[in-house]
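Since every read-out is calculated from the coordinates, none of them should be taken as a lab result. Please read all numbers here as calculations on a predicted model, not as lab measurements. With ideal geometry, Cβ positions are generated from the backbone for all residues, glycine too; neighbour counts draw on all protein chains shown.
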Amino acid sequence: MSNAASAHAHAHHWETSAAPMLIVGGVLFSVVFGFVSWFSYSNILWTQICAGIGVPLLLAGIAIWTAEALTQKPVMEGLTPIALPFFIVSEVFIFMGIFASYWTMRLSAGPNWPPAGTPTDMNLVLPIIMTIILVSSSATYHIAEEKIKHSDLGGFRLWLLISIVLGAIFLGCTIYEYQHLFHMNFKPSTNAYSTAFYSITGFHASHVVVGLGSFLTVLIAAMAGRTNKYLTFCVGLYWHFVDVVWFFVVSQVYYW
């Protein structure tokens, strides 16, 4: 092989993707702009518009990114399982910042907690049911991972589908709870606790949506017979992280 050909063969290969920009745009519209429209201005129309723009962008970005992970060979094999924990650590700091704000507010209130306007008969059984559902979804996905390790693609698809159903039920419980609380006139603007409650649980729910979107794209690819061990591991690690965070949400927001 000539020197020119050898240099060309070893030239650095730049990987480009539109997925990160789509995901950032989706989060910007659906979470940031939607959050401001709802909580700051109580404008339902703009909230719906932001969600209508942001959610498709977010799902499209997840779908493209997942498809690329399944079809493209990475420049460095095995880098993703090492890099993902750094992303999760950054997420931990974000959640810690939110919880720290809540703890400061909660401790400064002293015996005057919860503030006036908080329902005295909030459902404390539903969070336990939601916890069981979410933990079960992590367990079923772990079984799915074991299936794929033994080249059982059919078993992997089945248990992944079960995980998706459980995650969707969990998200449905969140929506049901919000509707119930709204009927009790407990809204984000009711008092300091309601603002914290909807912010923390809503932020967690947004991570559940991202996890379900990742699950769906993996399932669609698996239906076509395509899998990627790094991707399935990373999606599972992210989902288990969402599961662990929920224990903090339940213990601090509901029972403290």
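Details
- Pair SER90, THR120: separation of 7 Å Cα→Cβ label points (nm): 4.7
- Rounded to the nearest 20, the Cβ-based charge dipole of the range 129-191 about its Cα centre (Lys and Arg +1, Asp and Glu -1) stands at 80 debye.
- Here the residues PHE86, PHE182, PHE33, ranked from fewest to most Cβ neighbours within 10 Å of their Cβ, fall in the order PHE86, PHE182, PHE33.
- Subtracting the Cα-Cα distance of TRP103 and LEU153 from 0.36 nm times their residue separation leaves 13.5 nm of extension gain.
- Structure remark: mean-square fluctuation, Gaussian network model of the chain, C-alpha springs under 10 Å; the largest value among PHE186, PHE170, PHE215 belongs to PHE186.
- Radius, Kirkwood style, for the chain when every pair of distinct Cα atoms is counted (Å): 20.3
- The modelled label-to-label distance between CYS173 and ILE143, using points 7 Å beyond Cα along the C-beta direction, is 1.8 nm.
- Isotropically averaged projected area of the range 15-72, using the convex hull of Cα atoms (one quarter of hull area), nm²: 3.6
- Per-residue extension of 0.36 nm, minus the Cα-Cα distance of LEU28 and ILE82, leaves a gain of 16.8 nm for this segment.
- For the range 110-250, pairs of C-alpha atoms spaced more than 25 angstrom apart make up 36 percent of the total.
- Charging the Cβ of each Asp and Glu at -1 and of each Lys and Arg at +1, and nothing else, the dipole of the chain about its Cα centre rounds to 100 debye.
- Neighbour counting of Cβ atoms within 10 Å sorts the residues TRP256, TRP239, TRP113, fewest neighbours leading, into TRP256, TRP113, TRP239.
- Exposure proxy for GLU146, GLU177: other Cβ atoms within 10 Å of each Cβ, ordered fewest to most, give GLU146, GLU177.
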